[in-house]
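The values are calculated or read from the model by the stated rules, or taken from the named source; none is laboratory data. This structure is a prediction, so every number in the text was calculated from the model and none was measured. Counting neighbours? That spans all protein chains shown, and the Cβs are built from the backbone with ideal geometry, glycine included. We work out accessible area using only protein heavy atoms, side chains counted, and drop any ligands, DNA or RNA first. Shrake-Rupley method; radii C 1.70, N 1.55, O 1.52, S 1.80 Å.
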Amino acid sequence: MSLTPSTRALAAIFAVSGAVHLARPEVYEPLMPRWVPRHREVILGSGAAELALAAGLLMPATRRVAGWGSIALLLGVYPGNVKMAMDSTRSRRTGIKVAAFGRLPLQWPMLKAAYAATKG
């Protein structure tokens, strides 16, 4: 199956996000729920996973498994996105709130793209 625009976009998002996770993990530390152990290691691991999934989505031989992995990753990081949105309610900065709450529904098209990638 050829690379669809949604799969290409998901791979690009994962590549950029994965690189930021590895280069600047401190950006993600405030998003981590308290119940998650070893925040730095989890952030670095998720960055590496995002890079691997980005590469996997681009390759026809690994696209299906990378699609399932992408679904798992997106569901796994969703609690961090919810925490970021809840934490933003304490901010007086409207832009922070808009970004935090705005990214919650953006997970759905990403999940849709990941699921489409599982089809091969």
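For segment 105-120, how many residues meet the condition of being assigned to a helix (DSSP H, G or I) and open to solvent by 30 Å² or more (accessible area, probe 1.4 Å)? Residues in segment 105-120 being assigned to a helix (DSSP H, G or I) and open to solvent by 30 Å² or more (accessible area, probe 1.4 Å): 8 in total. Taking each residue of segment 49-69 that is in contact (Cβ under 8 Å) with a residue 24 or more places away in the chain and among the basic types (K, R) and looking for partners that are in a helix (DSSP H, G or I) and crowded, with 21+ Cβ neighbours inside 10 Å with beta-carbon atoms closer than 6 Å, six or more apart or interchain, yields R63/L57; R63/A117.
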